[in-house]
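Notes for the one structure printed next.
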Amino acid sequence: MNEIVGLLAAPFVGCLLISALHCYMGLHVVRRGIIFVDLALAQLAALGATLALLLVPLFFGETLHEHHQERAEYQQTQPGTSPLEAMVGHQAHKEEPAAGARGWMIERTPYALSLFFTFVGAAILSFGRFRDERVPHEAIIGIIFVVSAALAVLVLSRAPRGHEQVESMLVGNILFVGWNDVLITFLLYLPLAVVHLLVRKPLSRISADVKAAESAGMAVRAWDFLFYATFGLMVTQSVKMAGVLVVFSYLIIPAVCASMFSERFDRRLILAWGIALAASVIGLTFSALKDMPTGPALVATFGVLLVLCAAIRPIVVRRQCH
C-alpha cells in the first residue's frame, strides 16, 4: 500500500494543480459557449511538440528519445545528482564542451514550439472573431483543431517512434509525473492565477455577455487575447503532463457538472473543484490497483461522474423547489 501511495503522490498533486486552474477556466469556457477551445489550443501545443520530433534530429543530430535515454543511462551511473546536473555532467563525460547548452536546447525545443503555436492560436481566436457572427466562433475553433490534428498526424507519420507519440499526445503519461514537473507547474500556474484574480471582473463580464461588453466600450479583443494567451500557457504545460483528452476532461466536465446545480460562479467553482478532486482520487487509484492506463482511467471516471450528476440533478432541483 505504501508503494502505491508513493507512486501516486506526485501525479495526484499534479492533478490537483491542473484542477485548480482548469476548473476556473472551464467555467468561463462553458459560459462563453466555446467548449472545444481547450481541444484546439491543446492540439496546437501538441503540434508544436510533435514538430520538435522532426526538428531536433535535423539541428542536433539525435532524437529526443535518444537524448532522454542517454540522460537516463548516465543518471544511473551518477546517483544523487539533479536532472540538470546529470545532463551537464553526462555531456561533459562525452567530452563535448558546449553540450550542456546543447542538451538544454534539446530539452526546451518541444516546449518552446508548443508555446509558439498556442500563442498563434490565441491571436487567431482573439482577433479572428467576426463582429456580426456570420461565422460562429465555435466554427473557427473547430477548424483550428481539425487542421492542427491533421498536421500533427502528418508530422508523426514521418517522425521516429511516431506511434508512441500519438498515444502520449492523446492521453499523456501522468503516472510518470515527478516532483520536478509538479514544481514547474506550480511556478507557472501561480502567476497565472494571480493575473486572473486581478482581471476577473472584465473577463467575467465578457464571458457573461460579449455584445453588452462591446456596447459598453470594452476592448473585447484585447481582453480575449489575454484570456486565450494565459489559457495557452496553462494548456501547454498541462498537455505535456496529461495529454489532450485528460486536459479537456479537467476543463469541461467539472464545469458542466457544477453548472447543473448552481447559477452562482463562486458556488460552481467550489463544486467543480470537488468533482475534479473526486475524479483524481478515483481515477488514479483505479488505474494503480487494476494496472490500467492512467489517462483513459481518469477520463472514464469523469464520464461516470457526469452521468451521476445528471442522474441526481432532478432530485436536487425538486428538493430546492420544495
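The values are calculated or read from the model by the stated rules, or taken from the named source; none is laboratory data. What you see is a predicted model, and the numbers here were worked out from it, not measured in a lab. Here Cβ is always computed from backbone atoms with ideal geometry, including for glycine, and neighbour counts include all displayed protein chains.
Within segment 127-180, restricting attention to residues that are aliphatic (A, V, I, L, M) and assigned to a loop (DSSP other than H, G, I, E, B), which residue is modelled with the lowest pLDDT?
Initial filter on segment 127-180 (aliphatic (A, V, I, L, M)): 135, 139-141, 143-144, 146-147, 149-156, 159, 166, 169-171, 174-175, 177.
Now drop any that are not assigned to a loop (DSSP other than H, G, I, E, B), which leaves 135, 159, 177.
Working: Val135: 69, Ala159: 66, Val177: 83.
The residue in question is Ala159.
For segment 173-186, filtering for residues that are over 15 Å from the mean Cα position of the chain (by Cα) and over 20 Å from Leu298 (Cβ atoms) leaves 2.
Of all residues being loosely packed, with under 15 Cβ neighbours inside 10 Å and in contact (Cβ under 8 Å) with a residue 12 or more places away in the chain in segment 294-314, which is farthest from the chain's Cα centre (by Cα)? Just the residue, please.
Taking segment 294-314 and keeping what is loosely packed, with under 15 Cβ neighbours inside 10 Å, we get 303-304, 307-308, 310-314.
After this cut, where a residue has to be in contact (Cβ under 8 Å) with a residue 12 or more places away in the chain as well, the list is 303, 310, 313.
Numbers: Gly303: 18, Ala310: 26, Arg313: 29 Å.
So the residue we want is Arg313.
This table checks each residue for (1) hydroxyl-bearing (Ser, Thr, Tyr); (2) farther than 29 Å from Gln43 by Cβ.
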residue: Asp266; (1), (2): no, yes
residue: Leu269; (1), (2): no, no
residue: Ile275; (1), (2): no, no
residue: Ser287; (1), (2): yes, no
residue: Met292; (1), (2): no, no
residue: Leu305; (1), (2): no, no
residue: Cys309; (1), (2): no, no
residue: Ile312; (1), (2): no, yes
residue: Ile315; (1), (2): no, yes
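Restricting attention to segment 200-219, the residues that are hydrophobic (A, V, I, L, M, F, W, C) and under 19 Å from Gly26 (Cα atoms) add up to 4.
Conditions (1) surrounded by fewer than 24 Cβ atoms within 10 Å (Cβ to Cβ); (2) hydroxyl-bearing (Ser, Thr, Tyr); (3) in contact (Cβ under 8 Å) with a residue 24 or more places away in the chain; (4) under 19 Å from Cys309 (Cα atoms), marked per residue:
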{"site": "Ala219", "(1), (2), (3), (4)": "yes, no, no, no"}
{"site": "Trp223", "(1), (2), (3), (4)": "yes, no, yes, no"}
{"site": "Leu226", "(1), (2), (3), (4)": "yes, no, yes, no"}
{"site": "Thr230", "(1), (2), (3), (4)": "yes, yes, yes, no"}
{"site": "Val235", "(1), (2), (3), (4)": "no, no, yes, no"}
{"site": "Val239", "(1), (2), (3), (4)": "no, no, yes, no"}
{"site": "Ala242", "(1), (2), (3), (4)": "no, no, yes, no"}
{"site": "Ser259", "(1), (2), (3), (4)": "yes, yes, yes, yes"}
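Any residue at all in segment 275-291 that's of a type in the set (Gly, Ala, Ser), more than 17 Å from Tyr24 (Cα to Cα) and at pLDDT 90 or above? Before the answer, list the steps.
Initially, segment 275-291 is screened for residues of a type in the set (Gly, Ala, Ser), giving 276, 278-280, 283, 287-288.
Now restrict to residues that are more than 17 Å from Tyr24 (Cα to Cα): 283, 287-288.
In the following step, the residues that additionally are at pLDDT 90 or above were identified as 283.
Among the residues of segment 275-291, at least one is of a type in the set (Gly, Ala, Ser), more than 17 Å from Tyr24 (Cα to Cα) and at pLDDT 90 or above, which makes the answer yes.
Restricting segment 194-233 to residues that are β-branched (Val, Ile, Thr) and farther than 15 Å from Leu21 by Cβ, the residue that is modelled with the highest pLDDT is Ile206. Screening Tyr24 on (1) modelled with pLDDT under 80; (2) in a helix (DSSP H, G or I); (3) not aliphatic (A, V, I, L, M) shows it passes everything except condition (1). In the condition set (1) surrounded by fewer than 22 Cβ atoms within 10 Å (Cβ to Cβ); (2) of a type in the set (A, V, I, L, M, F, W, C); (3) over 25 Å from Arg205 (Cα atoms), Leu269 is compliant with all but (3). Condition check for Leu233 on (1) in contact with a Pro (Cβ under 8 Å, 6 or more places away or on another chain); (2) not in a loop (DSSP other than H, G, I, E, B): one failure, at (1). Restricting attention to segment 244-257 and to residues that are closer than 12 Å to Leu305 by Cβ and hydrophobic (A, V, I, L, M, F, W, C), the residue that is surrounded by the fewest Cβ atoms within 10 Å (Cβ to Cβ) turns out to be Val256.
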